[in-house]
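Novice: Below is the structure I would like to discuss, written out as structure tokens.
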Amino acid sequence: MIHVFVGPTLERSALAAPGIRVCPPAKHGDLFAGTVQDGDTVVLIDGVYHQAPALRHKEILAVMGRGVGVIGAASIGALRAAELAPFGMLGVGTVYAAYARGDITGDDEVAVGQALDGDLNALTWPVVNLRHVLELATAAAVLDGPRAEQLLVALRAIYYPQRTMSAIRAVCNREGVGEFPRWLSQQCAQRRHFGDIKRADALWALRVALDGRASQTSPQLSPEMWDTTYFRRWSNAFARERVDGVELSTEDRVIYQQVFDPEFRQTWAAYLEYRSLHPVCGPGRPLAERLAQVTGSDLTADCVFHPTIDLRDEQTVDLLLADETEQDRRAVARYAAALQARRVQPGFSAAAVRDDLTRRHLMWVWQCTERRFDAEASARGLVCGARAVEAAKRLMPGLMEEADEVDETEMNRERTEETHDER
């Protein structure tokens, strides 16, 4: 399967071929999706900049490490390919070559403005296309070299979402070269994609993918190239599974168990034993043996060992969710919906939830004192009280809604009893 991440650079009608899956512009997390299988090919053309976090380099290296061929061209794909060419990402086209040579460097070279309603069409001109049409205008004797260079500097100074054809005309008139936008409009009227080297590069990359050349050049990367603490944190955040007909975040499900399962201390102890017997590197050893080597005191294993959870490991997920019930999963779905509803409110973020409020709720759920709070959090795999508070903040909107519902139910019950007594 060929997965093409594309937006304003290439119209979707040009991608109508068997074995092609068309995806929106790439963003952080898209390559964690289970739809990209080992041995597939990814064609990275367009990606987001401002709407969401951009696709990160280690996400690309990770799928390459799984045997996925990755081609970059035209837009952010060309930029990422130039950056990752030493690791085996295949770059294609004029824009990629310019980045690879160092002729261009900034992401503003390929950025375009789009409508806020989700329309993927470009509303502005990218610098790489403007530079190309200025070269064509010079070759056609519409401009001389110095005037073209002067005009390019002036056009680059326009913020990319505002670099419309109207803005180009205004700048050209100000610079005394009104003949250039008239000539450009004539050429575009005759040829719809005149001067669009980004589109030409995207089509080139598609041909390379269909020829199978990306899979032929895909290297075997060692996990050390991409499997870092940050990468594991990202992969955990994007781990999802469809359970009981509902897609749920695996990380949310684990945090729910850490907070609400009264027996999770035993679950975490079993997980620490598993990790001790099956470490990421080195030989496995019983947990008690490791603990005796590290400390001669009476510290428990959860106080000493804080392994990073990897939710890509099926055995880890099975262990941590061993006692999860259908009712738990329904609660996770409710809490996720409550958090999402709050996120659309201006100024809200989970990080902004009050620490003291979250802390009080956790102590109430765990029935522990302030003095025992850190120890309880550690025994549940949350390291310490401060980490527990940060993890549990995502649950607070749902908890507050449930508390409001309980209060309302109690008030209604009291009103009913008062009415009955009056009768």
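Novice: When you go through GLU224, GLU273, GLU251 one by one, which is the residue that is assigned to a helix (DSSP H, G or I), acidic (Asp, Glu) and more than 29 Å from VAL332 (Cβ to Cβ)?
Specialist: Numbers: GLU273 fails: more than 29 Å from VAL332 (Cβ to Cβ); GLU251 fails: more than 29 Å from VAL332 (Cβ to Cβ).
Result: GLU224 is the single residue among GLU224, GLU273, GLU251 that is assigned to a helix (DSSP H, G or I), acidic (Asp, Glu) and more than 29 Å from VAL332 (Cβ to Cβ).
Novice: Right, another one. Condition check: loosely packed, with under 13 Cβ neighbours inside 10 Å, without any contact (Cβ under 8 Å) to a residue 40 or more places away in the chain and assigned to a loop (DSSP other than H, G, I, E, B). Does ALA189 satisfy that?
Specialist: So ALA189 fails the test.
Novice: Are any residues in region 32-53 among the acidic types (Asp, Glu) and surrounded by fewer than 24 Cβ atoms within 10 Å (Cβ to Cβ), and if so, which ones? Working first, answer last.
Specialist: In the first step, residues of region 32-53 are kept if they are among the acidic types (Asp, Glu); the result is 38, 40, 46.
Residues satisfying the conditions are ASP38, ASP40.
Novice: Here's a follow-up. Among the candidates ARG101, ARG56, single out the residue that is surrounded by fewer than 17 Cβ atoms within 10 Å (Cβ to Cβ) and among the basic types (Lys, Arg). Full working, then the answer.
Specialist: On the way: ARG56 fails: surrounded by fewer than 17 Cβ atoms within 10 Å (Cβ to Cβ).
Answer to the check: ARG101.
Novice: From the list ALA97, ALA54, ALA16, which residue is closer than 28 Å to GLU241 by Cα and among the small types (Gly, Ala, Ser)?
Specialist: On the way: ALA97 fails: closer than 28 Å to GLU241 by Cα; ALA16 fails: closer than 28 Å to GLU241 by Cα.
The match here is ALA54.
Novice: Across region 86-113, what is the number of residues that are modelled with pLDDT under 90 and within 20 Å of the chain's Cα centre (by Cα)?
Specialist: Matching residues across region 86-113 total 2.
Novice: Could I ask something else about it? So how many residues does region 258-288 have that are polar (S, T, N, Q), under 19 Å from LEU362 (Cβ atoms) and touching a helix residue (DSSP H, G or I) at 6+ places or on another chain (Cβ under 6 Å)?
Specialist: Total satisfying the criteria: 1.
Novice: Here is a further query. Can you confirm whether GLY34 is assigned by TED's automatic domain parsing to the domain that holds LEU221, in contact with a strand residue (DSSP E or B) (Cβ under 9 Å, 6 or more places away or on another chain), within 19 Å of LEU210 (Cα to Cα) and not hydrophobic (A, V, I, L, M, F, W, C)?
Specialist: Working: assigned by TED's automatic domain parsing to the domain that holds LEU221: yes; in contact with a strand residue (DSSP E or B) (Cβ under 9 Å, 6 or more places away or on another chain): yes; within 19 Å of LEU210 (Cα to Cα): no; not hydrophobic (A, V, I, L, M, F, W, C): yes.
In short, no.
Novice: Taking ALA386 as the residue in question, decide whether it is at pLDDT 90 or above and part of a helix (DSSP H, G or I).
Specialist: On the way: at pLDDT 90 or above: yes; part of a helix (DSSP H, G or I): yes.
It is true that ALA386 is at pLDDT 90 or above and part of a helix (DSSP H, G or I).
Novice: Just to be sure, is THR228 closer than 30 Å to LYS58 by Cα, of a type in the set (S, T, N, Q) and surrounded by 12 or more Cβ atoms within 10 Å (Cβ to Cβ)? Full working, then the answer.
Specialist: Values: closer than 30 Å to LYS58 by Cα: yes; of a type in the set (S, T, N, Q): yes; surrounded by 12 or more Cβ atoms within 10 Å (Cβ to Cβ): yes.
Criteria met by THR228.
Novice: Return a yes/no flag: does region 73-85 have any residue that is surrounded by 15 or more Cβ atoms within 10 Å (Cβ to Cβ) and at pLDDT below 90. If you could, list the steps in order and put the result at the bottom.
Specialist: Narrowing region 73-85 to residues surrounded by 15 or more Cβ atoms within 10 Å (Cβ to Cβ): 73-85.
If we keep only those that are at pLDDT below 90 as well, we get none.
Looking through region 73-85, none of the residues is surrounded by 15 or more Cβ atoms within 10 Å (Cβ to Cβ) and at pLDDT below 90.
Novice: For GLY245, work out the one condition from (1) surrounded by 14 or more Cβ atoms within 10 Å (Cβ to Cβ); (2) of a type in the set (Gly, Ala, Ser); (3) closer than 30 Å to LEU321 by Cα it doesn't fulfil.
Specialist: (1)
Novice: Residue by residue through region 83-108, note down the ones that are in a helix (DSSP H, G or I), free of Cβ contacts under 8 Å to residues at least 60 places away in the same chain and farther than 20 Å from PRO53 by Cβ.
Specialist: Across region 83-108, the qualifying residues are ALA85, PRO86, ALA97, ALA98, TYR99, ALA100, ARG101.
Novice: Sticking with this one: Looking at the structure I just gave you, is VAL70 assigned to a strand (DSSP E or B), hydrophobic (A, V, I, L, M, F, W, C) and either within 22 Å of the chain's Cα centre (by Cα) or within 24 Å of HIS50 (Cα to Cα) (or both)?
Specialist: Details: assigned to a strand (DSSP E or B): yes; hydrophobic (A, V, I, L, M, F, W, C): yes; either within 22 Å of the chain's Cα centre (by Cα) or within 24 Å of HIS50 (Cα to Cα) (or both): yes.
Spelling it out, VAL70 is indeed assigned to a strand (DSSP E or B), hydrophobic (A, V, I, L, M, F, W, C) and either within 22 Å of the chain's Cα centre (by Cα) or within 24 Å of HIS50 (Cα to Cα) (or both).
Novice: Now for a separate question. Collect the residues in region 122-174 that are loosely packed, with under 13 Cβ neighbours inside 10 Å and outside any helix (DSSP H, G or I), keeping them in residue-number order.
Specialist: Once the filter is applied, which keeps residues that are loosely packed, with under 13 Cβ neighbours inside 10 Å and outside any helix (DSSP H, G or I), region 122-174 yields ALA140, ALA141, ASP144, ALA157, TYR159.
Novice: In addition: If ASP302 satisfies every condition in (1) crowded, with 16+ Cβ neighbours inside 10 Å; (2) among the charged types (D, E, K, R); (3) over 20 Å from LEU382 (Cα atoms) but one, which is the exception?
Specialist: (3)
Novice: Shifting gears a bit: Mind checking whether some residue in region 249-263 is farther than 27 Å from PHE32 by Cα, under 31 Å from the mean Cα position of the chain (by Cα) and in the same structural domain as GLN367 (by TED's automatic domain parsing)? So that I can check it myself, show each step before the final result.
Specialist: First pass over region 249-263, keeping only residues farther than 27 Å from PHE32 by Cα: 260-263.
Filter again for under 31 Å from the mean Cα position of the chain (by Cα), leaving 260-261.
Now narrow it down to the ones that are in the same structural domain as GLN367 (by TED's automatic domain parsing): 260-261.
Yes - at least one qualifying residue is present in region 249-263.
Novice: Counting just the residues of region 329-348 that are outside any helix (DSSP H, G or I) and of a type in the set (A, V, I, L, M, F, W, C), which one comes out nearest to ASP244 (Cα to Cα)? Spell out the reasoning first.
Specialist: To start, the set of residues in region 329-348 that are outside any helix (DSSP H, G or I) comprises 344-348.
Now narrow it down to the ones that are of a type in the set (A, V, I, L, M, F, W, C): 344, 348.
On the way: VAL344: 27, PHE348: 30 Å.
My answer is VAL344.
Novice: Separate question: From the list ARG380, ARG354, ARG371, pick out the single residue that is under 29 Å from ALA270 (Cα atoms) and loosely packed, with under 15 Cβ neighbours inside 10 Å.
Specialist: Details: ARG380 fails: loosely packed, with under 15 Cβ neighbours inside 10 Å; ARG354 fails: under 29 Å from ALA270 (Cα atoms).
So the residue among ARG380, ARG354, ARG371 that is under 29 Å from ALA270 (Cα atoms) and loosely packed, with under 15 Cβ neighbours inside 10 Å is ARG371.
Novice: List pairs: first in region 268-289 and surrounded by 11 or more Cβ atoms within 10 Å (Cβ to Cβ), second of a type in the set (Val, Ile, Thr), Cβ under 9 Å, 6+ apart or cross-chain?
Specialist: ALA269/THR300; TYR271/ILE309; TYR271/THR316; TYR274/THR316; ARG275/THR316; VAL280/THR308
Novice: Among the residues of region 284-328, which ones are part of a helix (DSSP H, G or I) and either of a type outside the set (A, V, I, L, M, F, W, C) or in contact with a Cys (Cβ under 9 Å, 6 or more places away or on another chain) (or both)?
Specialist: So the first thing to find is which residues in region 284-328 are part of a helix (DSSP H, G or I), and the list is 287-294, 301-304, 314-320, 326-328.
Across region 284-328, the qualifying residues are GLU289, ARG290, GLN293, ASP302, GLU314, GLN315, THR316, ASP318, GLU326, GLN327, ASP328.
The values are calculated or read from the model by the stated rules, or taken from the named source; none is laboratory data. Since we're looking at a predicted model, the values are computed, not measured. We place every Cβ from the backbone using ideal geometry, glycine too, and count neighbours over all the protein chains shown.
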